[in-house]
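What follows is a short report on a single structure.
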Amino acid sequence: MTAETAYHGEMGEQFAAQATDSVYHAYTDRPAMLELAGDVRGLRVLDLGCGGGHYAAAFLERGAAHVTGVEGSQSLLAAARERVGERAVLRRHDLEEPLDFLRDEVFDVVVMALVLHHVEAREQLLAEVRRVLRPGGTLLVSTTHPTSDWTYFGGSYFADDRVELPFGDGFTLTYRRMTLEVFLGELLGAGFLVEKLVEPRAMEEARRVDPRRYDKTHRQPLFLAVRLRRPCRHPRAERP
């Protein structure tokens, strides 16, 4: 997601507000990703595309020792700062560019929640994630479900065009369609091992918020969420 396509101004403000209690964000994607994360007490977490700081706040509440959030939108960063204050390090940065302000192998967990499909330079970004993640560390990624995109936008399932989705009060979200093959293939090609894949469905509490959207998540897959691992180094076998 370039600085130009990030959710700026009022669009960013609306997105941050919606992510707070919407069925899709607060009751579907976020609970699934946090469950995949498991115990983060004492860990160093990097939240790429941190948005309004909802994940940063959740990891801090769960005992993470240090959280760094990276976001391209100034309005979303403002919402994140309001949510987490000085408890997390927040930085504005274009995810199409290298993460050259971060040291090698410093994070235990890297999170990319509903952001990878916005990025064009995915190969570069995943290489950077592998660089800053310690060996044995965890990568959490969620994205729109390929079959959901196919159902909504039509055409070929194998299309990789950039699509537009109406959002909020007259705004439009744009992102790149990916097949399951491409999504998992790029993660594996970057050197990560898949540990678990889930197709999140809304929590029971979402019935009270929006029964229609709750039911929709239980009829068709809308998101994918995966937990991956950066393999540990293995010492070379000694020659006899």
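The values are calculated or read from the model by the stated rules, or taken from the named source; none is laboratory data. Nothing here was measured: the structure is a model prediction, and the numbers come from that model. Glycine also receives a Cβ, built like all others from the backbone with ideal geometry; neighbour counts cover every protein chain displayed.
Only one entry in 109, 67 is at pLDDT 95 or above, buried (at least 24 other Cβ atoms within 10 Å of the Cβ) and within 16 Å of the chain's Cα centre (by Cα), namely 67. When residues of region 87-114 are filtered for being part of a loop (DSSP other than H, G, I, E, B) and within 15 Å of residue 64 (Cβ to Cβ), how many remain? Residues in region 87-114 being part of a loop (DSSP other than H, G, I, E, B) and within 15 Å of residue 64 (Cβ to Cβ): 3 in total.
Residue 156 fulfils the conditions (1) assigned to a strand (DSSP E or B); (2) without any contact (Cβ under 8 Å) to a residue 12 or more places away in the chain except for a single criterion, (1). Listed by first and then second residue, the pairs with beta-carbon distance under 7 Å, at least 6 apart or on different chains, first residue in region 123-139 and at pLDDT below 95, second part of a strand (DSSP E or B) and buried (at least 20 other Cβ atoms within 10 Å of the Cβ), form an empty list. From the list 225, 202, 206, the lone residue that is surrounded by 14 or more Cβ atoms within 10 Å (Cβ to Cβ), under 24 Å from residue 73 (Cβ atoms) and touching a helix residue (DSSP H, G or I) at 6+ places or on another chain (Cβ under 6 Å) is 225. Of all positions in region 144-157, at least one carries a residue that is closer than 21 Å to residue 50 by Cα, at pLDDT 95 or above and β-branched (Val, Ile, Thr). The set of residues in region 137-171 being polar (S, T, N, Q), over 19 Å from the mean Cα position of the chain (by Cα) and closer than 27 Å to residue 13 by Cβ is empty.
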